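These notes concern the structure reproduced below.
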Amino acid sequence: MTIALRGLSTVVPSTVLVQEEVRDVFGAQPGLNRLAQRIISTSFDVSGIERRHTVLSELTWDEHEGEAVFFDQASGELLFPGTKARNELYATEATALYVQAGGAALEATPGIDAADVTHVITVSCTGFYAPGPDFAIARDLGLPAGVERYHLGFMGCYASIPALRLARQICEADASAVVLVVSVELCTLHLRSSNDPDTIVASSLFSDGAGAAIVTGRPAEPGERWFELERFATRITPDGEGDMAWKIGDHGFEMVLSNAVPAIIGEHITGALEPLFAAEPELTEALAADTSGEAIEHWAIHPGGRSILDKVEARLALSEAQLVPARETLRDFGNMSSATVLFVLRRILDDQAARDGDRVASMAFGPGLTVESALLRVRG
């Protein structure tokens, strides 16, 4: 049975953060030591990011009405709202993005409307509330009263791949299933000034965005462009548990992202791909011979940072062109945690050089250190 990923859509908030301007704001904060100022300058400048998006309209120099919560324009200081204030804003802003992205995916999937959706899977690690986003999607998009709902929370940057895997398993079990998958991450709600190197690196990378798609066994319409979901794999690396983590603090969620992460990914990435390729001896042979880039045309790598992409490109001997979708996503949107890989897949699908039948290997990395991967095929 062919399981399709259809209607892949992406959404970002309207407020744009220019990387150089954000760097200057963070570098001018009171209480920073000289080392922190150097790390800020380096992290922002070598990030590979030109612009990011945020739901925080006050994080600009534009005139802003109301009391300052995150940024005092008069003094140029970043403020320290509590976790409650951040999460309350998440509940408001994330709901709107969930509904917008889910609606966009439905609109982009010919032959399927809200009444056809049987399951909803939502993904996020940047906020919590109940009734949750799965409920809001069902209510606001007019889904059937009996729609089944699931939420994958607090898994980190790799979570969209398990969501697609779960959607595929549902469709394999029920040929009539139509699964709406929506990922929304509002990482900028948790940015703050700090002398801590991990916090600084996180502040230079993370941003807000949403991605959504329909997963179903129903046949695509003529002329439709979509992905066939072939198989998935997961691998926990033997080290790195403390190098990427996500904890709840008194002033938002605290990200741990050590500079050892690229090296850990580089050391274990081939091992992480082994279970994904195991069903096809020619792919296993290509992996062993460092010719995976020749065996698989397109690579949708989660751009957790520029150094991670550099390490993946070198370790797998991929061409510069094969990393363009990931690098361009990083450049234009930053790291939107779990939603980011959906943006990379969308770029591949939009590329006219991606032909019907081309293979796509997708990988995302997160706490654990966990590597989630998927093998897809371009259709249409």
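The values are calculated or read from the model by the stated rules, or taken from the named source; none is laboratory data. Because the structure is a prediction, the values reported are computed rather than measured. With ideal geometry, Cβ positions are generated from the backbone for all residues, glycine too; neighbour counts draw on all protein chains shown.
Data table
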quantity: Filter result for I121 (part of a loop (DSSP other than H, G, I, E, B), in contact (Cβ under 8 Å) with a residue 60 or more places away in the chain and in contact with a Leu (Cβ under 8 Å, 6 or more places away or on another chain)); calculated: no
quantity: Options A85, A74, A4, A68; residue that is over 22 Å from D208 (Cβ atoms) and surrounded by fewer than 21 Cβ atoms within 10 Å (Cβ to Cβ); calculated: A74
quantity: Residue check, H268 at pLDDT below 95 and more than 22 Å from the chain's Cα centre (by Cα); calculated: no
quantity: Per-region count, segment 31-69, residues out of contact with any strand residue (DSSP E or B) (no Cβ under 6 Å at 6 or more places or on another chain), modelled with pLDDT of 95 or more and of a type in the set (A, V, I, L, M, F, W, C); calculated: 9
quantity: Residues located in segment 266-293, provided they are of a type in the set (G, A, S) and exposed (fewer than 15 other Cβ atoms within 10 Å of the Cβ); calculated: G271, A278, A279, A288, A289
quantity: Given (1) of a type in the set (S, T, N, Q); (2) surrounded by fewer than 18 Cβ atoms within 10 Å (Cβ to Cβ); (3) under 25 Å from V181 (Cβ atoms), number of the condition T329 does not satisfy; calculated: (2)
quantity: Selection from segment 158-201 of residues that are assigned to a strand (DSSP E or B), under 20 Å from the mean Cα position of the chain (by Cα) and more than 26 Å from G31 (Cβ to Cβ); calculated: V179, L180, V181, V182, S183, V184, E185
quantity: Boolean, E267 is within 30 Å of S203 (Cβ to Cβ), out of contact with any Asp or Glu (no Cβ under 6 Å at 6 or more places or on another chain) and without any contact (Cβ under 8 Å) to a residue 40 or more places away in the chain; calculated: yes
quantity: Lone qualifier among L152, L141 - being surrounded by fewer than 22 Cβ atoms within 10 Å (Cβ to Cβ), more than 30 Å from F71 (Cα to Cα) and within 17 Å of the chain's Cα centre (by Cα); calculated: L152
quantity: Answer from E77, E107, E148, E88 - the residue that is under 20 Å from H190 (Cβ atoms) and touching a residue at least 12 places away in the same chain (Cβ under 8 Å); calculated: E77
quantity: Residue list for segment 169-205, filter: surrounded by 24 or more Cβ atoms within 10 Å (Cβ to Cβ), of a type outside the set (A, V, I, L, M, F, W, C) and over 21 Å from D243 (Cβ atoms); calculated: S183, T188
quantity: Residue, modelled with the highest pLDDT, within segment 302-322, restricted to residues that are surrounded by 24 or more Cβ atoms within 10 Å (Cβ to Cβ) and in contact with a Leu (Cβ under 6 Å, 6 or more places away or on another chain); calculated: P303
